[in-house]
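The values are calculated or read from the model by the stated rules, or taken from the named source; none is laboratory data. These figures come from a predicted structure and were not determined experimentally. As a convention, Cβ positions derive from the backbone with ideal geometry for all residues, glycine included, and neighbour counts pool all protein chains shown. With ligands, DNA and RNA removed, areas are computed over all heavy atoms of the protein, side chains included. Shrake-Rupley method; radii C 1.70, N 1.55, O 1.52, S 1.80 Å.
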Amino acid sequence: MSTKPLNTEEIKKELIAKMPTKVARKRAKAMIPGSETGEAIPEIQANVRTIPGIITQRGCTYAGCKGVVLGPSRDIVNLTHGPIGCGFYSWLTRRNQTDAGPDGENYIPYSFSTDMTEHDIVFGGEKKLRAAIKEAYDNFHPRAISIFSTCPVGLIGDDIHAVARTMQEELGITIFANSCEGYKGVSQSAGHHIANNQIMKHIIGTDDTPVEGKFKVNILGEYNIGGDAFEIERILEKCGFTLISTFSGNSTVDSFRLAHAADLNTVMCHRSLNYVAEMMESKFGIPWIKVNFIGAEASAKSLRRMAAYFEDQELIDRVEAVIAEEMLDIEKSISAIRPRTQGKSAMLFVGGSRAHHYQELFKELGMKILGAGYEFAHRDDYEGRHVLPDIKIDADSRNIEVLEIGPDDTRYNPRKTPEQMEALKAKGVEFNSYEGLIEGMGKDSMIIDDINHYETEKLIELLRPDIFCAGIKEKYIIQKMGIPLKQLHNYDMGGPYAGFKGAINWYNDIDRMVNTKVWDLIKAPWQSTGPELEASYVAE
Ligand code: CFM
């Protein structure tokens, strides 16, 4: 178990002590203590450029657009316009699972790229892009093709949108492009926003076929990593909700087209899909609430909120019955495992939502969070959405288009009157609201945005948590320091961790990881007192 000898101010001083003055000044603004519930939250620096060369955890704008938001849809051909590396390294590297689907239209196992070379950089790549679209169409006849530009495309100025338009006319299917060059924003977050804009412009609300079923909802920002969406689908079905579409885990373009038929949008990952939630409310009148299906208690709370929204006693009762039934296994598992995990400590530095959501699961195991932070989230994901009007628009955020969305002429239909919304708020159903990561974390936890490699090592030296959550770039470095690392991007081939069955998987996996003795046995050669190996050059 870790002892914590320092307070957050002392930790911060230690972290920046060896940095050049300018760097230290900048990094200090990204480090603040957590706060108690209901207390004022200090401002944190977030969504600003990473200091060059500092070894960040972040990814690029193309990754957020192609890999994260649109990648998990199985029936879209996602075509990378760029050199082959971008397409290849974003191919099957994220564990967004999918059902095969009854029609067999599943392009996830394929990597589509225009494979640009020096010749195309000099003479332009539009011709090649047109040919690639035609080739993909001839081979697969997909319902939709989306094009993603990479850094060189932005530099040479290929007009991918014009190509998309002409090819859409020629082939008669939906074709749209995303100007998501890697450098377009400060991180993958810009890519989320670009993808949100394009699916809103080109897909959502393009099919008015009536959708059967009661209590129609969408889930925004759930990507079915390790099968999470499968578990959420199971629970929603058991409760009696009709899930129209998930953006974008285990999803299809056809379901996106119908998404405007839902009466409630639920937002799981606020960072990556909040734009669609807001735009769908303006355009179609669908309110949104924040949910979290990570953690048994959090899942129960989310289901209750969703049921409360529909104001139907039968649904409310059914949700309660499902929660009661699922909780039996949860309680059994927790009572067996918690005595072994109680009082242990964790740190989470990951992405733009999981560093918050996964705190729920650790709390259920009685574990303490010593530090947390996001790679690329914005201030609202840390401090809560109420800070949105105070967020400064800088040159980088101005780079990303903000769509002006008004009510749709024929499809705008406010699902609740303002009075009904007020009455629901009084019952605790908060709309358009997210409280962010910091509130409730406690004053002695350390919040750091866009943590870099040096700070990670230093933090571990100082606080020695029992487990660290991050990604593959950090995994082996941290494990060499004798601390187990749980990957929270791909789950280390584990999961699902969402919902009730997922929570039990998590308890078991974390129990194993924090209680194994193997980490105490690890010693680097220079730390051991055993015999030294000697060698000499043969040529001597
Ligand atoms: Fe949302 Fe994600 Fe995340 Fe994210 Fe991601 Fe991811 Fe993530 Mo990796 S959409 S912000 S860009 S929850 S790929 S499924 S795990 S960094 S915390």
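The amide H of residue 113, built 1.01 Å from its N in the peptide plane, has 80 as neighbours under 5 Å, considering only residues 5 or more places off or on other chains. For region 515-538, backbone nitrogen atoms closer than 11 Å to the point 7 Å from residue 480 Cα along Cα-to-C-beta are found at 524-525. Of interest is the spacing of the C-alpha centroids, which for region 76-118 and region 486-529 amounts to 30 Å.
What is the packing order of peptides 525-533, 287-295, 133-141, taking the mean over residues of other C-beta atoms within 10 Å and listing the highest first?
287-295, 133-141, 525-533
Divide the volume of the convex hull around the Cα atoms of region 61-182 by the residue count and you get 87 Å³ per residue. Relative to the Cα centre, the charge distribution of the chain, modelled as +1 at Lys and Arg Cβ and -1 at Asp and Glu Cβ, gives a dipole magnitude of about 1200 debye. The accessible surface of region 154-256, taken with every protein chain in place and a 1.4 Å probe, is 49 percent carbon and sulfur.
When peptides 235-244, 212-221 are ranked by their average number of other Cβ atoms within 10 Å per residue, the highest-first order is 212-221, 235-244. Measuring between their Cα centroids, region 136-187 and region 311-374 lie 41 Å from each other. If the chain linking residue 43 and residue 23 were pulled fully straight, counting 0.36 nm for each residue of separation and taking away their Cα-Cα distance, it would gain 5.3 nm. Highest mean first, the peptides 435-444, 224-233, 378-387 sorted by other C-beta atoms within 10 Å per residue fall in the order 224-233, 378-387, 435-444.
Taking only protein heavy atoms into account and a 1.4 Å probe, give the accessible area per residue of region 61-182 in Å².
Details: 5290 Å² over 122 residues.
That works out to 43 Å² for each residue.
Put simply, the amide H of residue 175, placed in the peptide plane, has neighbours under 5 Å in 145, leaving out anything fewer than 5 places away on its chain.
Scanning the chain for cysteines with no neighbouring cysteine C-beta under 4.7 angstrom from their C-beta gives 60, 86, 151, 239, 269, 469.
First measure r as the distance between the Cβ atoms of residue 390 and residue 6, then evaluate 1/(1 + (r/R0)^6) with R0 = 30 Å and state the FRET efficiency to the nearest 0.05. Write out the running numbers ahead of the final one.
On the way: r = 31 Å, r/R0 = 1.02.
The pair residue 390/residue 6 has a calculated efficiency of 0.45.
Once you charge only the Cβ atoms, +1 for Lys and Arg and -1 for Asp and Glu, what is the size of the charge dipole of region 199-355 about its Cα centre, to the nearest 20 debye?
740
Once the Cα-Cα distance is subtracted from the 0.36 nm per residue extended length, the residue 430 to residue 84 segment shows a gain of 120.0 nm. Counting charges near residue 454 (Lys, Arg +1; Asp, Glu -1) among other residues having Cβ under 14 Å from its Cβ returns a value of 0.
Find out how many positive minus negative residues lie around residue 125, taking Lys and Arg as positive, Asp and Glu as negative, among other residues whose Cβ is under 14 Å from that of residue 125. Residues close to residue 125 contribute a combined charge of -4.
Computed extension length for residue 314-residue 238: 26.1 nm, one decimal, from 0.36 nm per residue of separation with the Cα-Cα distance subtracted. For region 61-182, a crude dipole built from +1 on the beta carbon of Lys and Arg and -1 on the beta carbon of Asp and Glu, taken about the Cα centre, is about 280 debye to the nearest 20. Radius of gyration over Kirkwood radius for region 220-293, both on Cα atoms: the Rg/Rh ratio is 0.93. Comparing 145, 479, 250 along the charge dipole axis of the chain, the residue lying farthest to the positive side is 479, per the Cβ-charge model. Working from the Cα coordinates of the chain, the gyration tensor eigenvalues give, after taking √(5λ), semi-axes of 37, 32, 23 Å in decreasing order.
Would you give the gap between the C-alpha center of region 1-68 and the C-alpha center of region 233-269, rounded to a whole Å? Taking the Cα centre of each part, region 1-68 and region 233-269 sit 35 Å apart.
Counting Lys and Arg as +1 and Asp and Glu as -1 over every other residue whose Cβ lies under 12 Å from the Cβ of residue 340, the net charge comes to +1. Note that region 71-77 has calculated 3J(HN,Hα) couplings of x, x, 6, 6, 9, 9, 7 Hz, one per residue in order, obtained from phi through the Karplus relation 6.51 cos²θ - 1.76 cosθ + 1.60 (θ = phi - 60°); glycine and proline are x.
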